[in-house]
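Everything below concerns the one structure shown next.
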Amino acid sequence: DFSTRVEKRKNMPAEMNEIADGFNEMVKRTDLLLGQVRQAALEQKNAEISALEAQIDPHFLYNTLDTINWKAIEKEEYEISEMVGDLGDILRYAIKNAGGITTLGEEIAWLKKYVRLQQEKLGQEIQIFCSLDSIAAKSPMHKLLLQPIAENSIKHGIKGQQTLKLRIAIISDEQYLYISVEDDGIGIAEEKLRRILHEKAENPTSIGIHNVKQRLYIYYHETLHIESVPGAGTKTTFRIPVNAFDSAAEGRRN
């Protein structure tokens, strides 16, 4: 019963008073901590229930997309078939071991399919250019770090434009892979960019970018840099230590 307290009396020695104060503070803090643990357990349970309620069997999703794909081919709707195929590949890549390790080349190949679907959705041309050598292409990295950055460029850059160019450049040395994603879009206003860069975890305005910032810090203790000039485009850069992956991580690579 952590509501119990030692009652102090006037005739108690000073040492006993000090012990009583220490005990009372200890049970008060213990009761508070237990309450926090109970609340955390309840929230975790609710989150697990919500996840189960929202769960869709990936195999059902893939098989349904495959069925739609074949129906499109039967009707000679090859453009629709290609889009459905890209969507299936995107879902497989994103769902399977979402926080796992891939290679930079595989991440960019997946990103090109994502950009192609965004182009079809928006009805505007999005050109993507990549500059990386064969060594950089084989370099390991965590999945889904580039997609939110590309999405941010498309979201903030393409408004009022018919074409958007995305340029991904990778430079490496013995210590780091330096990765940049640059667009020639309309840019981000200074105040809005400041909010994106410094906003807290609660209710972020750019969830994808906030997620990348958190994951970069957790995985590599690195940060994300964004530079933007209204009317001249946006450039996002980060780096990955080349020694960030040990042999165990290599074994988990997709």
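Odds and ends about this structure:
- Remark on Asn97: its backbone amide H falls under 5 Å from none of the residues 5 or more positions apart or on other chains, H modelled at 1.01 Å from N.
- All C-alpha to C-alpha distances of the chain, sorted into 10 Å bins beginning at zero, yield P(r) values of 6, 21, 26, 20, 11, 7, 6, 3, 1, 0 percent in whole numbers.
- Couplings 3J(HN,Hα) for segment 106-115, derived from phi with the Karplus relation 6.51 cos²θ - 1.76 cosθ + 1.60 (θ = phi - 60°), are 5, 4, 6, 4, 5, 4, 4, 5, 4, 5 Hz, where x marks Gly and Pro.
- Met26 sits with roughly 100 Å² accessible to a 1.4 Å probe, with DNA, RNA and ligands left out of the calculation.
- DSSP-defined beta bridges in the chain - what % are antiparallel, rounded to 5: 75 percent
- Anchor Lys192: aspartates and glutamates whose Cα lies under 19 Å away (excluding residues fewer than 8 positions away in-chain): Glu151, Glu182, Asp183, Asp184, Glu202, Glu227
- Nonlocal amide H pairs with Ile126, under 5 Å, H built at 1.01 Å: Leu164
- The angle separating the long axis of helix 78-95 from the principal Cα axis of greatest extent in the chain is about 20 degrees.
- For segment 27-41 and segment 76-93, distance of Cα centres in Å: 50 Å
- Each other residue within a Cβ distance under 12 Å of Tyr220 adds +1 if Lys or Arg and -1 if Asp or Glu, for a net charge of +2.
- Using θ = phi - 60° in the Karplus curve 6.51 cos²θ - 1.76 cosθ + 1.60, the 3J(HN,Hα) couplings for segment 165-171 round to 9, 10, 10, 10, 10, 10, 10 Hz; x is entered for Gly and Pro.
The values are calculated or read from the model by the stated rules, or taken from the named source; none is laboratory data. Keep in mind it's a predicted model, so treat the numbers as computed, not measured. We place every Cβ from the backbone using ideal geometry, glycine too, and count neighbours over all the protein chains shown. Accessible surface is based on the protein model in full, side chains and every heavy atom, while ligands, DNA and RNA are left aside. Shrake-Rupley method; radii C 1.70, N 1.55, O 1.52, S 1.80 Å.
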